[in-house]
Amino acid sequence: MEPVLQSLVSGLPILLLHLGVALSVFLLALFAYLWLTPHKEMALIREGNQAASISLGGAAIGLAIPLAYCLQSSINIWDLVVWGAVTLLIQIIAFRGVDLILHDLPKRIEHDERSAAIFLATVKIAVAMLNAAAVSG
C-alpha cells in the first residue's frame, strides 16, 4: 500500500496542474469561440434554441478532443497552450467552411434550424478528430 500512496502523493500535483491548465485552455477557447461567432449562443440556448445548443455542444467537443490528445502527448504546459490556440483557430475555420456551404449559418441557428446545427456539429467533431490525430501523431 505504501508505494501506491507515494505514487499518489507525487503524481497528484502534476495531475492537478495538467488538468487545471487543460480546463483553463478549454474554457478560454470556448469563451473566445462564443465571442468570435456572429450569433449569441448562450442567449439563444437560454431561450430554448436547440440548434444553438447543438452547435455549441459540437464546438465544445471539437475543442476538447484535440486538447485531450495533446494532454496525453504534451511535452510541457506550453505545448498544451499553443495547441489549444491552434485548435480554436481550426474550429473557427470549420465554422466558416460550413457557413460557406450552407449560407447564412448564424441566421439558420438563430431560427433554430436543427439540421444545419447537426451538420455543423458533425463537421466540428470530425475536424477535431482529424486535428487530434495530427497533433498526437
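A short reminder: the numbers here are calculations on the coordinates, not readings from a lab. Keep in mind the model is a prediction, meaning the values are calculated, not measured. Here Cβ is always computed from backbone atoms with ideal geometry, including for glycine, and neighbour counts include all displayed protein chains.
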* To do: Using label points projected 7 Å from each Cα along Cα→Cβ, tell me how many nm separate residue 15 and residue 89, to one decimal.
  => 3.4
* Where does the chain land at 222 nm, in deg cm²/dmol rounded to the nearest 500, when only DSSP H runs of n ≥ 4 count, each adding -39500 (n - 2.57), divided by all residues? -> -30000 deg cm²/dmol
* Asked: Which value in Å is the Kirkwood Rh of region 18-136 over different Cα pairs?
  -> 14.2
* Pop out the ³J(HN,Hα) list for region 33-50 in order, Karplus 6.51 cos²θ - 1.76 cosθ + 1.60 with θ = phi - 60°, rounded to Hz; leave Gly and Pro as x. => 4, 4, 6, 7, 6, x, 9, 9, 4, 5, 5, 5, 5, 4, 7, x, 6, 6
* Measure out, as a whole number of angstrom, how far apart the alpha-carbon centroids of region 5-64 and region 89-137 sit. => 16
